[in-house]
Every structure is written in C-alpha cells, then in structure tokens.
C-alpha cells in the first residue's frame, strides 16, 4: 500500500516506486484524495486508487482543533481492513498520509516513510515517530537514510537519448542551445510573464526556449522560431535532455530530475509556504552548480544581466552541469523498494 498525494513532489516518487514494485510482481493499492494530482495520475498509470477525506492538520486553535483527533482516528480505523491486508505501507507525505500511518501502527503493518523535501512536512514528521524505516532525499533534520527522490524509469534512462534528436522532437533547432522553463504542472504566473516578456532578448542572444507554461496558464500554446510554448509536457525526460539550462521552481522532484541529468538551473523558490524549496537547493547553490533568485526579484532585467551571460558561456554551462551531476541520485527507487521489502522481513 502506497500513500501520498496533493503535489507532484509526493505523487511522482510514489508512482516511480509503484512501477518498480509492480515490475517485481507485487500488487499495488494507492491511498490518496479526489482533489490532488493522484486522482488523475494514479488511475492513468493503471493502479487502483482508494480515495479518503483530506483532513489538514489544524494550525489555529478553534472548534476544528477539538474535533480533529476524533476525525483523524475515525479515518484511520476505516482503513483497518485494507491496511491489515497490506504487507507494507509506504508513505510519501501530504495530509492524506498521516491517518494511513496511524492505521499501520495500530494494526501492526510495517511502515516506511519517504520524505522528498529537505524541510519535512507535518505528516512525515508525525509518521517518522511511528517507524524506524525512514528515507530522506536531502540533508534534513529528519533522521533517515539519505537515498534521494525515486525517479521514473524514463528519467533515469534518458541520458542515453540523443540531444539533437530530443530537440527536433520538441520542435527546436538541434544546433542551438536550449533554455527549459517550467513552473510545475499548474504553472507559475510570475515565471510565465517574465519569460514571455524576455523572449526577444533570449532570441537575440541565440538561446532557444522550451516553455512549459502549466495547465492553469493564460497563454495559448505557440511554436515560432526558437520558441515553443506548451501547457503540459508528457515527456519531461525529453525536455530535460534537450536543454542546456532550466528556469524552475525548486520542488523536490524537479530538483532531483535536473541533478540526475546534470542540468544546471536558475531556481526560483515558491514564495508561499514553509520555505522548503529554498532548502532543497541549498547545497547546489553553495557548490555553484546552479543559481537562485527570489520570486520578487525575478524580472526581465535579471534575465538580461544575470542569466544571459551564463547561457552564453559554454564553459560555465559545462562546469555547472558537471557539478549538478555530482548531486544526482539514480538509484533512489531501488533503495526505497529494498527498504520496503526489508521492512516486511
């Protein structure tokens, strides 16, 4: 049983782990919600999704604080039959995971926790107190085995794909450098707007742009000389392989995919939340493997004065790419599966 959901940071490693377990002959059930990305991605991948109620931890005192423990326990108890039938529960975080963790503890099913971010979420901080089987992706305050983020097989094996062919398949010139822009599956309005405004400057510098604007973006899809804009990319491994540099948020999955393939980036941490994205890339910035800028400071002038000089230097790009590669972890899926099967024994 795999539990997790909400964002790509939880769902992508869950699916990578599910695929590997399925390859080994194990049956899979996923516990998630109807609201998160898992509601679409899990069934699309061919796995059974059992949806439970999303119950966020209360952050302020009030009536919800009083009722929360009872609702939380009720959800856990309703999972009794499913959890007892499972050989192991592997959780990836998100609110949906916490009651599954408690159910595993109550009914004696082995529990494994995977934390994708450098700054652990509430659910995994709670779950880590219920088991000794904990895996982490970045240096973290959460005690666990450092394995990285489980990556889809397509990403892990994409290094052998020809760069020129990848660019052709994306509608780009195989001989010119490529900047990949992505704000995540839902897009990032600020990143989209600034990149669109800077397109002419990038084109004048000889840089092609492959722009994944996200499903919620306001811009229509477009293909023109040296600029391709799509709402969603079904072959992210192709896009990463085709590029020399990326502009991206700093979610755990994206950071791990870029390091695995040795692609340096300008990271723009999501300005809302608990700041985990800045922690995800701290070691990369310290090693000069990538760049970072605050969301409020990212504008056309920054691209012109700070980014284009980097994109114009083959030597700098090569050096940064080599440093990124040193942080890549291609065997995280295998290590997490080994931990899960070991927990059963």
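Some observations on this one:
- Among the residues listed as 58, 43, the single one being surrounded by fewer than 20 Cβ atoms within 10 Å (Cβ to Cβ) and in contact with a strand residue (DSSP E or B) (Cβ under 6 Å, 6 or more places away or on another chain): 43
- Scanning segment 259-271 turns up one or more residues that are at positive phi, touching a helix residue (DSSP H, G or I) at 6+ places or on another chain (Cβ under 8 Å) and either buried (at least 19 other Cβ atoms within 10 Å of the Cβ) or assigned to a helix (DSSP H, G or I) (or both).
- Residue match in segment 272-284 (condition: on the phi < 0 side of the Ramachandran plot, assigned to a loop (DSSP other than H, G, I, E, B) and modelled with pLDDT of 95 or more): yes
- Looking at segment 205-251, the strands (runs of 3 or more DSSP E) lying wholly inside it that each contain 2 or more residues that are surrounded by 23 or more Cβ atoms within 10 Å (Cβ to Cβ) sit at 208-212, 245-248.
- A single entry from 122, 147, 106 fulfils the requirement of being outside the structural domain of residue 224 (by TED's automatic domain parsing), within 30 Å of residue 50 (Cβ to Cβ) and buried (at least 19 other Cβ atoms within 10 Å of the Cβ): 147.
- With respect to (1) farther than 22 Å from residue 54 by Cβ; (2) under 23 Å from the mean Cα position of the chain (by Cα); (3) outside the structural domain of residue 11 (by TED's automatic domain parsing); (4) at pLDDT below 95, the lone exception for residue 142 is condition (3).
- Flag for residue 64 being without any contact (Cβ under 8 Å) to a residue 12 or more places away in the chain, farther than 22 Å from residue 109 by Cα and in a helix (DSSP H, G or I): yes
- Residues considered: 181, 195. Of these, the only one that is buried (at least 21 other Cβ atoms within 10 Å of the Cβ), closer than 15 Å to residue 298 by Cβ and out of contact with any helix residue (DSSP H, G or I) (no Cβ under 7 Å at 6 or more places or on another chain) is 195.
- Residues satisfying the stated conditions in segment 327-345, i.e. part of a helix (DSSP H, G or I) and free of Cβ contacts under 8 Å to residues at least 40 places away in the same chain: 338
Residue-by-condition table, conditions (1) farther than 27 Å from residue 274 by Cα; (2) surrounded by fewer than 21 Cβ atoms within 10 Å (Cβ to Cβ):
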site: 80; (1), (2): yes, yes
site: 115; (1), (2): no, no
site: 140; (1), (2): no, yes
site: 176; (1), (2): yes, yes
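The values are calculated or read from the model by the stated rules, or taken from the named source; none is laboratory data. The model shown is predicted, which means the values in this text are computed figures rather than measured ones. Methodologically, a virtual Cβ is constructed for each residue, glycine included, from the backbone with ideal geometry; neighbour enumeration extends over all protein chains shown.
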